[in-house]
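Enquirer: Sharing a structure, written as structure tokens. Questions coming.
FYI, it's all coordinate maths here, none of it is from the lab. Quick caveat, the model's predicted, so the values are computed rather than measured. Counting neighbours? That spans all protein chains shown, and the Cβs are built from the backbone with ideal geometry, glycine included.
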Amino acid sequence: MGINILHLITGLPIGGAEKVLLDLCINLDKKRFTNFVIGLNDEKDFTLDFKKNGIFVKNLNMKKKPKSFMQTALYINRFIEDYDIHILHAHMFHPLVFAFIAKLKYSKLKVVFTSHNVNIGSKKREMITYLLKPFRDVDIVFSSDMITKMYKRNCIVIPNGIDTKPYMRKTRKNDIFTFISVGVLRRQKNQLFLPSAAAYLKQKGIKDFQIQIVGGADASGDMREDIENQIKKYGVENEIKMLGPRRDVSELLQKAHCFVMPSHFEGFPIALLEAAAAGLSVVSTPVGAIASVIDDDSGYLTDIEYFADKMLEVITDTNEAKRRAKNLQKKVIDSFSIESTVKAHEKIYEKI
């Protein structure tokens with residue numbers, strides 16, 4: 001008998017956690033596992049991708065109202081019964097709450113939890129996650145550095161993985177040196193910092209460069225207007241381009257020269273792995289599990305105070321930047337493939 005898995009996620013915007021879930025569902029052994037995906041809110045960017053790959057997907061359009069919350073809980077419980085769900089995999093915090101409600105009714109239901117981020121949102125959420133430990137079977141984290149008391153003792157470390165092939169096609173680089181940032185436009189990702197970095201590079205005499213900011217809003221907010229105001233404030237309209245959410249990220253990465261991630265906090269960012277697979281130099285803050293991927297021989301880890309200096313270092317010493325990028329690309333190809341991520345999940349699902 002096959003194993004039926006319900007993947008519950010906050011929403012399906014274009015984002016790292018959502019891409020991880022899509023790749024996982026596509027690559028899990030179809031003979032042994034049947035996947036169902038439910039997004040709680042009305043974000044639907046990735047919905048069609050699941051459908052195209054023959055994966056059941058539904059968006060519940062839940063609102064921030066008690067009635068909508070109750071309707072969502074009832075729907076999920078009925079779904080578990082109607083589709084004979086064996087495992088509920090909760091991706092991020094809000095799905096965890098609904099997994100708890102379902103577990104109260106279906107005691108034999110197995111629950112797996114992946115937070116997808118070091119910062120779960122607030123101390124209150126951390127406490128709730130801690131209190132709900134007895135109702136979960138397995139917690140998944142991206143590195144041992146992420147493990148805290150809110151996770152179960154038997155939590156399992158599974159680094160994110162990607163399909164590297166789409167990012168390794170030979171593509172002509174942009175004529176102008178291009179830094180690129182890929183991520184949802186929210187405070188966590190700190191794209192708000194990049195206009196000041198562009199102004200710093202100009203001050204240092206760097207004339208021909210561009211910073212591309214790729215990404216759109218999600219349910220947690222939209223920083224676009226704030227970023228645009230910073231661009232005007234620093235007078236870097238010619239140097240920074242806001243590209244919005246894009247479907248051609250792999251091509252944009254291959255045409256760029258350096259990936260920048262000035263985040264305040266992260267889990268295990270998929271965009272960073274994609275940039276590494278594309279052979280880009282990477283400048284990043286040392287947050288989340290990033291330090292488990294990048295060291296001084298494969299990239300540039302730095303606190304935000306010195307971030308612009310590292311960007312300057314990349315653009316003025318391109319040979320060293322390329323050397324480190326090559327080392328990082330090899331590391332990602334060897335150690336962070338989607339195949340290894342999928343096998344680790346299959347092992348968990350079958351064990352529980």
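Enquirer: First check a/c for segment 165-335, with a ≥ b ≥ c the square roots of the eigenvalues of its C-alpha gyration tensor; if it is under 1.5, answer rounded, and if not, answer prolate when a/b is larger than b/c or oblate otherwise.
Expert: rounded
Enquirer: Also, quick follow-up: Considering the values (1) 30, 56, 14, 0; (2) 26, 58, 16, 0; (3) 32, 59, 8, 0, which represents P(r) over Cα pairs in 20 Å bins from 0, in percent as calculated for the structure under consideration?
Expert: Given (1) 30, 56, 14, 0; (2) 26, 58, 16, 0; (3) 32, 59, 8, 0, the structure-derived one carries the label (1).
Enquirer: For a test of the definition: using alpha carbon positions, the gyration tensor, and the 1.5 limit on a/c, classify segment 111-156 as rounded, prolate or oblate.
Expert: Here segment 111-156 falls in the oblate category.
Enquirer: Sticking with this structure for a sec: About its Cα centre, how strong a charge dipole does the chain have in debye, to the nearest 20, once Lys and Arg get +1 and Asp and Glu get -1 at the Cβ?
Expert: Dipole about the Cα centre, nearest 20: 940 debye.
Enquirer: Moving to a separate point now. Please sort by residue number the trypsin sites (Lys or Arg not before Pro) in segment 164-263 whose DSSP state is loop and whose Cβ has at most 16 other Cβ atoms within 10 Å.
Expert: Arg169, Lys170, Arg172, Lys173, Lys204, Lys207, Arg246, Arg247
Enquirer: Hull surface divided by four, with the convex hull built on the Cα atoms of segment 113-250: how many nm²?
Expert: 11.3
Enquirer: Just name one of Leu273, Ser340, Asn190: the one whose Cα is farthest towards the positive end of the charge dipole of the chain (beta-carbon charges, Lys/Arg +1, Asp/Glu -1).
Expert: Ser340
Enquirer: May I ask you to list the trypsin sites (Lys or Arg not before Pro) in segment 1-64 that are in a DSSP loop and have at most 15 other Cβ atoms within 10 Å of their Cβ?
Expert: Passing both the DSSP loop test and the Cβ count: Lys30, Lys31, Arg32, Lys44, Lys63, Lys64.
Enquirer: Hey, fewest Cβ within 10 Å first, where do Met168, Met1 land in order?
Expert: Going from sparsest to densest Cβ surroundings: Met1, Met168.
Enquirer: Choose one answer from Phe268, Phe209, Phe69: the residue with the largest mean-square fluctuation in a GNM of the chain with alpha-carbon springs under 10 Å.
Expert: Phe69
Enquirer: Given +1 on the Cβ of Lys and Arg, -1 on the Cβ of Asp and Glu, and no further charges, what dipole in debye does segment 165-335 carry about its Cα centre, rounded to the nearest 20?
Expert: 620
Enquirer: As I understand it, the dipole of the chain uses +1 on the Cβ of Lys and Arg and -1 on the Cβ of Asp and Glu, about the Cα centre. Which of Asn77, Cys25, Met311 lies farthest toward its positive end?
Expert: So the residue we want is Asn77.
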